[in-house]
Amino acid sequence: MVGGSTQGIGRAVAEELAQRGATVTLLARNETALREVAAALPTPVGQTHDYIVADFNEPMVLSQRVQEYLVAHPAGFHILVNNTGGPAGGAILDAPIEAFRAAFEQHLVCNHLLAQAVVPAMRQRNHGRIINIISTSVKMPLPGLGVSNTIRGAVANWAKTLSTELGPYGITVNNVLPGATVTQRHTSLIEKKVAQTGQPVEEVEAAMLKSIPAHRFGQAAEVAAAVAFLASEAASYINGINVPVDGGRTGSL
């Protein structure tokens with residue numbers, strides 16, 4: 001099951017896992033987009049992909065929809081990829097309290113509810129993978145992303161705690177930390193910077209690239225490749241870690 005999988009990193013993850021032979025259940029709020037993406041996913045071994053319509057702004061409805069799906073599909077999931085759109089940018093001091101509450105529910109609460117839904121079947125088979133798409137801000141907070149920095153850190157610590165509890169059951173919990181990756185969110189952050197400063201897009205992008213040793217922005221498929229590795233048997237002894245996919249931008253180990 002892959003969250004936020006009708007666009008950006010979530011869609012790239014769904015495509016990568018499907019190409020490697022997984023049967024994928026997409027999870028997002030736009031049913032038309034879900035139907036189109038599910039129909040377009042690779043089927044190298046004849047998989048039949050599916051989807052669940054749910055909005056991460058409504059955690060309890062999300063939980064109910066997934067629970068209903070599991071009643072009809074009691075085998076459950078081998079892999080859960082927690083992913084949803086990031087909070088809006090802005091200085092932390094200017095952030096309204098409601099922005100923190102909303103982000104906490106969309107990210108940590110929804111991740112937790114999804115984990116609670118899928119873990120019982122994982123425990124029964126003594127195998128599972130939970131992979132959270134977060135941000136490099138869990139290692140170094142990013143300027144202008146106050147709410148995101150705060151909530152992403154909470155999710156990272158939730159995941160680390162969960163990894164210690166689920167490790168004895170053959171279930172790993174890891175985080176993938178995308179850096180500046182070409183997605184709609186990336187574009188919107190650049191557009192906001194342009195609006196704030198009056199600089200041309202090219203200048204804003206050039207300033208961002210100076211901080212990236214690879215001297216380019218990442219692609220969603222590159223993040224998806226890291227997720228696929230952590231979901232594989234090759235990563236069975238990797239548990240409770242953060243994996244930056246950022247071209248070397250993060251200035252810490």
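Of note:
- Of the residues 195, 234, the single one that is over 14 Å from the mean Cα position of the chain (by Cα), within 29 Å of residue 90 (Cβ to Cβ) and surrounded by fewer than 17 Cβ atoms within 10 Å (Cβ to Cβ) is 195.
- Among the candidates 130, 151, 134, 171, residue that is touching a helix residue (DSSP H, G or I) at 6+ places or on another chain (Cβ under 7 Å), of a type in the set (Val, Ile, Thr) and closer than 19 Å to residue 20 by Cβ: 130
Each row is one residue, and each column tells you yes or no for (1) among the basic types (Lys, Arg); (2) over 26 Å from residue 178 (Cα atoms).
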position: 22; (1), (2): no, no
position: 26; (1), (2): no, no
position: 35; (1), (2): yes, yes
position: 39; (1), (2): no, yes
position: 54; (1), (2): no, no
position: 57; (1), (2): no, no
position: 76; (1), (2): no, yes
position: 84; (1), (2): no, no
position: 88; (1), (2): no, no
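- Number of the condition not met by residue 152 [criteria: (1) over 13 Å from the mean Cα position of the chain (by Cα); (2) in a helix (DSSP H, G or I); (3) among the charged types (D, E, K, R)]: (1)
- Of the residues making up segment 59-116, those that are within 30 Å of residue 194 (Cα to Cα), of a type in the set (Phe, Trp, Tyr) and surrounded by 22 or more Cβ atoms within 10 Å (Cβ to Cβ) number 0.
- Pair list, Cβ under 7 Å, 6 or more apart: segment 106-126 residue over 18 Å from residue 64 (Cβ atoms), other residue among the polar types (S, T, N, Q): 107/84
- Condition check for residue 75: within 20 Å of residue 29 (Cβ to Cβ) and among the aliphatic types (A, V, I, L, M): no
- Pairs linking a residue in segment 25-42 that is closer than 14 Å to residue 65 by Cα and at pLDDT 95 or above to a residue that is charged (D, E, K, R) and surrounded by 14 or more Cβ atoms within 10 Å (Cβ to Cβ), with Cβ atoms under 7 Å and 6 or more positions apart or on different chains, are 25/50; 29/55.
- Restricting segment 120-137 to residues that are buried (at least 21 other Cβ atoms within 10 Å of the Cβ) and of a type outside the set (Ser, Thr, Tyr), the residue that is nearest to residue 253 (Cα to Cα): 134
- Looking only at residues of segment 58-92 that are touching a Lys or Arg at 6+ places or on another chain (Cβ under 8 Å) and in a loop (DSSP other than H, G, I, E, B), we find that the one that is farthest from residue 191 (Cα to Cα) is 78.
- In this structure, residue 8 does satisfy being surrounded by fewer than 24 Cβ atoms within 10 Å (Cβ to Cβ) and either touching a helix residue (DSSP H, G or I) at 6+ places or on another chain (Cβ under 9 Å) or of a type in the set (A, V, I, L, M) (or both).
- Filter result for residue 206 (closer than 21 Å to residue 20 by Cβ and more than 20 Å from the chain's Cα centre (by Cα)): no
- Output for segment 1-50, where each listed residue is under 20 Å from residue 185 (Cβ atoms), hydrophobic (A, V, I, L, M, F, W, C) and outside any helix (DSSP H, G or I): 2, 26, 27, 28
- Count of residues meeting criterion [farther than 17 Å from residue 171 by Cα and in a helix (DSSP H, G or I)] in segment 204-243: 13
- Checked against (1) aliphatic (A, V, I, L, M); (2) touching a strand residue (DSSP E or B) at 6+ places or on another chain (Cβ under 8 Å); (3) part of a helix (DSSP H, G or I), residue 130 meets all criteria but (3).
The values are calculated or read from the model by the stated rules, or taken from the named source; none is laboratory data. All of these numbers come straight from a predicted model, not from anything done at the bench. Neighbour counts run over all protein chains shown; Cβ positions are idealised from the backbone, glycine included.
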